[in-house]
1. Filter the range C:97-114 down to residues that are among the hydrophobic types (A, V, I, L, M, F, W, C) and surrounded by 22 or more Cβ atoms within 10 Å (Cβ to Cβ) and give me whichever is nearest to the other protein chains (Cβ to nearest Cβ).
2. For residues that are touching a Phe, Trp or Tyr at 6+ places or on another chain (Cβ under 8 Å) and hydroxyl-bearing (Ser, Thr, Tyr), scanning just the range A:492-522, find the one that is nearest to the other protein chains (Cβ to nearest Cβ).
3. For the range B:5-15, which positions are over 17 Å from B:Cys49 (Cα atoms) and under 8 Å from the mean Cα position of the chain (by Cα)?
4. So how many residues does the range A:376-388 have that are surrounded by fewer than 23 Cβ atoms within 10 Å (Cβ to Cβ) and within 20 Å of A:Thr196 (Cα to Cα)?
5. C:Lys160 passes all but one of (1) within 30 Å of B:Gly90 (Cβ to Cβ); (2) assigned to a loop (DSSP other than H, G, I, E, B); which number fails?
6. Please go through the range C:198-211 and give me each residue that is closer than 27 Å to A:Phe58 by Cα and out of contact with any strand residue (DSSP E or B) (no Cβ under 8 Å at 6 or more places or on another chain), ordered by number.
7. Between a residue in the range C:158-176 that is at the interface with chain A (Cβ under 7 Å from one of its Cβ atoms) and any residue that is of a type in the set (Asp, Glu), which pairs come within a Cβ distance under 8 Å, given they are 6 or more apart or on different chains?
8. Would you check if A:Ala573 is farther than 28 Å from C:Leu89 by Cβ and modelled with pLDDT of 95 or more?
Amino acid sequence: MESFIDETLKKYQHQTTPLLMVLRDVQAQYFHIPKQAVELIAKGLDIPRTQIVAVVEFYHFFSFEPRGRYDIFLSDSITDQMLGKKALADYLCTKLQSPIGTVRADGVVSIDNTACTGLCDQGPALLVNGYAIGQLSEQRIDRIVAMIEQNRPVTEWDSDLFEVYDNIQQPGLLLNTKLPRGAALTAAWQRGLTETLDDIKASGLRGRGGAGFTTAMKWASCRATEETERYVVCNADEGEPGTFKDRVLLNSYTHDIFEGMTICAAILGAHKGFVYLRGEYLHLFNKLNAVLEERRAAGLLGDNILGYGWKFDIEIRLGAGSYVCGESSALLESLEGKMGIPRNRPPSSIIKGYLAKPTVLNNVETFVAAAHIAWQGSEWFASCGTEKSKGTKILSICGDCERPGIYEYPFGTTLKEVLKDCGASDVLGVQVGGPSGTFVSTRESDGRLTFEELSTGGAFIIFNHSRNIFDIVQNFTHFFAEESCGFCTPCRVGTSLLKKQFDKIHSGHGSAGDIKELRDIAKLIKDTSHCGLGQSAAEPILTTLERYPNLYERQIKQQYSFDPVFDLDGSLAVARKMSGRDDGHAHLTQVENK
Amino acid sequence: MAAKLKLATTSLAGCFGCHMSFLDIDERIMQLVELVEFDRSPLTDIKNCSPCDIGLIEGGVCNADNVHVLREFRNNCRILVAVGACAINGGLPAMRNSIPLEDCLRESYVNCIGIENPQIPNDPELPLLLNQVHPIHEVVRIDYSLPGCPPSADVFWKFLTDLIEGHEPSLDYDLVYYD
Amino acid sequence: MAHITIDGQIVPFEAGQTVMEAAMAAGVYIPHLCHHPDFTPHGSCRQCTVTLKNGWNITACTARAAEGQEISNNTEELNLVRKRLTQMLFVEGNHFCPACEKTGNCQLQGVAYHLNMMSNHYPQFYALRDLDATHPDILLDRNRCIFCNLCVRASHAEGKDVFAIAGRGINKHLVVNSESGKLIDSELTADDRAANICPTGALLVKGKAFQAPIGQRLYDHHDIDEITLGGRHGG
């Protein structure tokens, strides 16, 4: 083990910031993080072992307990469930004789659930040793099981299993335009970097991750800082369930992203950039690195880019399964090799970002748009969209519709138009912006997609009338409780309380007062949490409480003033079994028979 | 003179310490009996609750019988009060909650050193234990809580006289403590 | 001099001061648990949540005071929020005050008393948490940990980095920097600031419990606002 750790640390130049990359390699090698590895890494990097322990316990894909040699994570997004995930999971578990949440006794297989893997348009999906397999069916599961039982290494499995499709259904301004390599860079330098920044400002481009901060303003503020060391970071931690548009951009518009980052770097005066790629997108890692190599060879990255004398390079770093790392400051913490805990602001990451240096952090789509604007000018971009929301938005459409996939729309497009284009019928509602967004009913289908009205980072999940709103809200509420980083009290404790309280009502054990309690907890979490995750964790409940109060009321047993918070009769089961009793006194009713 | 308020008290998974502390109101009990009539309570030995104004519950819920008694109080008492640490958060009996019930029973009745005729009691007269000890607000709706282990006699006195006089009960800083 | 107002009271501040620092200097108490004037603000307990005139909530310990800010602090609404947050801490851990050596001198109790907290309100979690009694001079009872991070910050400042908070969400827990994970194998000593700064009874220096008789303990007759503003911390 010593030589393996030694080589791994060497591979990452004994830096502490790529700690997640180091641990990913260790996990892949030993199927867990051995305690001895913690000691060796701590010594090798001269960091407290507690930092490593904290990181291992924070991310889903690290484990101190040995996992199976084939380590399977089933995507448990609401869209996977709608596509029959549960039955297929049962099928897989039965075939492999390995229940969810366990490691098979022979150590060959382990199966667990994980959050959305970004294949909602081609689910249900799973990850095996980190690699995504979509479009699960019994037939495909049979093939997976066969290869596991034959002991074939994942690298030798049939490659068609791992195919991920772009599914671009409706390209628009950006997706329809092929950016010639280096064209945006050449245009930017010819026009002048300051002028290019002015052009990006004139285009009205705002961040595509959802928050909608004006891109040029971010870049200009960072450029104006007094520090000389600055960084460009691309947020490719596309973790919002129901979002997969960055997956497609990373796969097929790779050069556009890197070109946008390079222009940003030149404007800022940055020499180093990172793409923080969510762990679930491991299948894109080699491709991204190959494109980087290609660009270095073509003089589009490196010491003297296109002969303009600018030095810049990009490094891809993988996450390891953590939704909160999509939050910009949590992402930077993770990029520094720590737990993804959102920082206190101010200062913003523009002033103190990666390694406390000024940093511009933008969404994948923002960099693509910036590159195109640098090439084609601000008017080309601003010609579509609305007054305050210029340009187009790329949507990831999934759920109940005929044609799930990628759609690019000018801002201002109505919900109605989108639903028509993707072939959605009998619509109950749409989750715009993913679990942290808003559940919009069809009564609101005249609503327009803009930053001011219906804002989305790209997620657009459609539900028809066969779906139960409570199942959806439950999936989202459990998701947030699972993904809470645990830093602040209201989110750490509150999301778990909210989950319990919601489940109580959902399972038919709600009584008078339980809805008020649910709303009170939800509001407390929203009003007092530290970061965006906490502030939006209760949105699925708050937005449905507001739109469908009767649904909640109907779940309540008004005749009872109270229904206990735990299963009374179930709580006697152990005592019944041990005493061998089953008489009338050995049971309790949940609510009193009057 | 207005009709006397009816008061009932009981101890569930508690130590009767709260009841003892209640009795520490000493001679004020003479004033109290002028104002309230005791219904079901260890002080009266009345076995079942009739409709009451106030029910004081000491102790948490650790077995099936506790649930029945608690329900009887809730059904009969207009105002139900959680008295003391155990009623409020399970208290010391709840420190068993970190040990599986199976281990608790085996240690007590089977593996315990010096035990004769080891067996898990199975007489239907004995209430079965719940997996964990719970505070009473997890089983029935509670109107007020009086913290303390036990709450002092002054707490009982202040709380009850407030209610008798028709005020919203309130305790000054010095009367609120958790130990 | 620049000033803000807190509940209508004029509170002067110096450039760079946080709302908490300005408030404390002016004798205005804002409830807090994870804040300590000697260490970098953390902002995790959310007790010091205050409301700006525009309705936004900020944490007083992390937010810089800014000229003209009108802040609500000691309001019924905010004190209810704080009470609920405190109750969350009480149900999350296993806080059996009658059996705790820190009782009477515990900041968590002090804040709860200040907020007139009479019950835990929420269902108990009864989480399974480890106790570490291996160290001859120091006890670590994780049942009482509220994740304020003060021991982590203090130990880092001492250059020992004995503690870290690991894990995610409701499964967070305090870990010790030693190969065995036990306190006895760590560098912690009883005179470390880190061993003495815990606001609750999670970290205790042994042999010091129950020295003050009931009635003479820190919060027996004095509200935590008085204690804190007088510079006497429960740590």
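1. First pass over the range C:97-114, keeping only residues among the hydrophobic types (A, V, I, L, M, F, W, C): C:97, C:99-100, C:106, C:108, C:111-112.
Add one more test, that the residue is surrounded by 22 or more Cβ atoms within 10 Å (Cβ to Cβ), and what stays is C:97, C:100, C:106, C:108, C:111-112.
Values: C:Cys97: 4, C:Cys100: 8, C:Cys106: 9, C:Leu108: 10, C:Val111: 12, C:Ala112: 7 Å.
Only one residue fits best here, namely C:Cys97.
2. A:Ser496
3. Let us first name the residues in the range B:5-15 that are over 17 Å from B:Cys49 (Cα atoms), namely B:13-15.
Within the range B:5-15, B:Ala13, B:Gly14 meet the criteria.
4. Adding up the residues that qualify gives 8.
5. Unmet for C:Lys160, out of (1) within 30 Å of B:Gly90 (Cβ to Cβ); (2) assigned to a loop (DSSP other than H, G, I, E, B): (1).
6. Scanning the range C:198-211 gives C:Pro199, C:Thr200.
7. Note: pairs meeting the criteria are C:Ala166/A:Glu57; C:Gly167/A:Glu57; C:Arg168/A:Glu57; C:Arg168/A:Glu483; C:Gly169/A:Glu482; C:Gly169/A:Glu483; C:Ile170/C:Glu92.
8. Numbers: farther than 28 Å from C:Leu89 by Cβ: yes; modelled with pLDDT of 95 or more: yes.
Criteria met by A:Ala573.
The values are calculated or read from the model by the stated rules, or taken from the named source; none is laboratory data. Since we're looking at a predicted model, the values are computed, not measured. Cβ atoms come from the backbone with ideal geometry, glycine included; neighbour counts cover every protein chain shown.
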